[in-house]
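The values are calculated or read from the model by the stated rules, or taken from the named source; none is laboratory data. All of these numbers come straight from a predicted model, not from anything done at the bench. No Cβ is skipped: glycine too gets one built from the backbone with ideal geometry, and neighbour counts run over all protein chains shown. Side chains included, ligands, DNA and RNA excluded: accessible areas come from the protein's heavy atoms. Shrake-Rupley method; radii C 1.70, N 1.55, O 1.52, S 1.80 Å.
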Amino acid sequence: MEEIMSVPNGPVAVITGSSRGIGAAIAERLSEEGCRVVINYIHSEPLANQLAGKLSQKGFPAIACQGDVGNRDDRQRLLETTLKAFGRIDILVNNAGITSQGRKDILDSTEDSWDLVFDTNLKGPFFLSQLAARQMRLQVDSHPRVIVNINSVSSYAVSENRADYCIAKAGLEMMTKLFASRLADDGIFVYEVCPGVINSDMTAPVKEKYDNLIANGLTPIKRWGTCDDVATAVQLLTSGKLAFTTGERLNVDGGFHIRRI
Ligand code: NAP
């Protein structure tokens with residue numbers, strides 16, 4: 001009861017691509033932690049509305065907002081809708097992402113896939129962070145202000161059939177550092193979470209491949225990651241408790257990043 005009473009003035013969190021998968025788990029977790037959440041999606045209106053309805057019913061303010069993060073007007077509308085509903089933005093989670101279209105070998109990959117992947121996975125997060133940061137700088141009063149980018153082990157591990165995805169995610173790592181450096185004086189902290197193999201719609205088409213790789217020791221922790229595992233990392237990074245830490249990467253990958261011989 002006490003927790004629910006504190007929600008109406010809680011931090012406002014925008015989670016891109018939160019109609020399903022990792023983003024939905026993050027939205028649900030931040031909501032349970034007392035945030036007012038904006039559930040962004042591109043196509044899945046029923047899923048987004050369903051999640052917003054479920055959270056609202058529990059007494060946690062939540063709205064759904066359609067918008068393609070790769071589109072300038074949509075990003076502006078996402079910010080405006082957030083401000084209209086809640087008057088502020090304290091947390092931005094750049095989660096929306098797509099994989100390489102058709103997962104084609106690097107020698108056959110297409111410009112269409114490159115443009116779509118880069119618009120969604122890198123340009124969108126960059127310019128949405130810019131918009132959010134400008135607003136966050138006006139808010140010096142209360143809640144921690146944090147941007148979290150959902151990166152990937154693909155930012156450093158090669159998949160020859162997902163070149164555009166890998167290169168966009170590598171760019172996102174530098175983006176995290178750039179914004180962390182620029183916004184530190186404003187007390188706005190920027191982090192990235194680096195998931196490994198996570199059970200979601202994105203990895204469903206390659207489930208068998210990863211079942212085998214995991215069973216054969218791909219990761220020291222021999223299981224698939226869950227969307228909740230990633231949500232826990234975002235919860236920690238947005239808690240405001242890491243007061244001397246910015247630009248940091250938190251691996252949620254079962255130990256995949258550990259080089260082993
Ligand atoms: P997912 O299950 O495919 O869900 C993708 C989400 O992003 C959906 O909510 C989708 O909305 C939304 N979305 C896609 N394009 C969008 C756009 N242009 N504008 C706004 N929203 C958009 O993916 P996921 O596995 O949860 O992945 C989420 C993030 O984690 C991505 O950045 C991905 O790169 C990263 N990641 C995933 C894994 C993994 O193993 N799954 C590993 C490392 C990193 P609709 O429902 O409307 O389509």
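What to note about this one:
Let's see how each residue does on (1) buried (at least 18 other Cβ atoms within 10 Å of the Cβ); (2) touching a strand residue (DSSP E or B) at 6+ places or on another chain (Cβ under 8 Å):
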{"residue": "Ala204", "(1), (2)": "no, no"}
{"residue": "Lys209", "(1), (2)": "no, no"}
{"residue": "Leu218", "(1), (2)": "no, no"}
{"residue": "Cys227", "(1), (2)": "yes, yes"}
{"residue": "Leu236", "(1), (2)": "no, yes"}
{"residue": "Thr245", "(1), (2)": "no, yes"}
{"residue": "Leu250", "(1), (2)": "yes, yes"}
{"residue": "Asp253", "(1), (2)": "yes, yes"}
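- When residues of the range 48-77 are limited to those that are within 11 Å of the ligand (Cβ to nearest atom) and of a type in the set (A, V, I, L, M, F, W, C), the one surrounded by the most Cβ atoms within 10 Å (Cβ to Cβ): Ala48
- Selection of the range 153-168 for residues being under 23 Å from Asn199 (Cβ atoms) and open to solvent by 10 Å² or more (accessible area, probe 1.4 Å) yields Val153, Ser155, Tyr156, Ala157, Val158, Ser159, Asn161, Arg162, Tyr165, Cys166.
- Look at the range 52-73: where a residue is within 14 Å of Val14 (Cα to Cα) and a partner is of a type in the set (Phe, Trp, Tyr) and open to solvent by 10 Å² or more (accessible area, probe 1.4 Å), sitting 6+ places away or on another chain with Cβ atoms under 9 Å, you get Pro61/Phe86; Ile63/Phe86; Ala64/Tyr41; Cys65/Tyr41; Gln66/Tyr41; Gly67/Tyr41; Val69/Phe127.
- Selection within the range 97-116: residues that are in a loop (DSSP other than H, G, I, E, B) and loosely packed, with under 14 Cβ neighbours inside 10 Å. The member of this set that is farthest from the ligand (Cβ to nearest atom) is Leu107.
- Scan of the range 78-91 for residues that are more than 10 Å from the ligand (Cβ to nearest atom) and aliphatic (A, V, I, L, M), ordered by number: Leu79, Leu83, Ala85, Ile89, Ile91
- The one condition in (1) open to solvent by less than 20 Å² (accessible area, probe 1.4 Å); (2) over 20 Å from Ala96 (Cβ atoms); (3) in a helix (DSSP H, G or I) that Gln139 fails to fulfil: (3)
- Residue in the range 38-46 that is farther than 22 Å from Lys123 by Cβ, within 16 Å of the ligand (Cβ to nearest atom), part of a helix (DSSP H, G or I) and modelled with pLDDT of 95 or more present: yes
- Among residues of the range 145-158 that are in contact (Cβ under 8 Å) with a residue 24 or more places away in the chain and closer than 8 Å to Leu92 by Cα, none has a Cβ under 7 angstrom from a residue that is open to solvent by 20 Å² or more (accessible area, probe 1.4 Å) and near the ligand (Cβ under 10 Å from one of its atoms) at a sequence gap of 6+ or on a separate chain.
- Scanning the range 228-246 for residues that are closer than 15 Å to Cys194 by Cα and among the aliphatic types (A, V, I, L, M) gives Val230, Ala231, Ala233, Val234, Leu236, Leu237.
- Residue list for the range 173-202, filter: open to solvent by 70 Å² or more (accessible area, probe 1.4 Å) and closer than 13 Å to Ala133 by Cα: Leu178, Ser181, Arg182, Asp185
- Selection status of Asn94, within 10 Å of the ligand (Cβ to nearest atom) and surrounded by 18 or more Cβ atoms within 10 Å (Cβ to Cβ): yes
- Answer residue from the range 78-91, given it is within 18 Å of Glu45 (Cβ to Cβ) and open to solvent by less than 40 Å² (accessible area, probe 1.4 Å) and is farthest from the chain's Cα centre (by Cα) among those: Thr82
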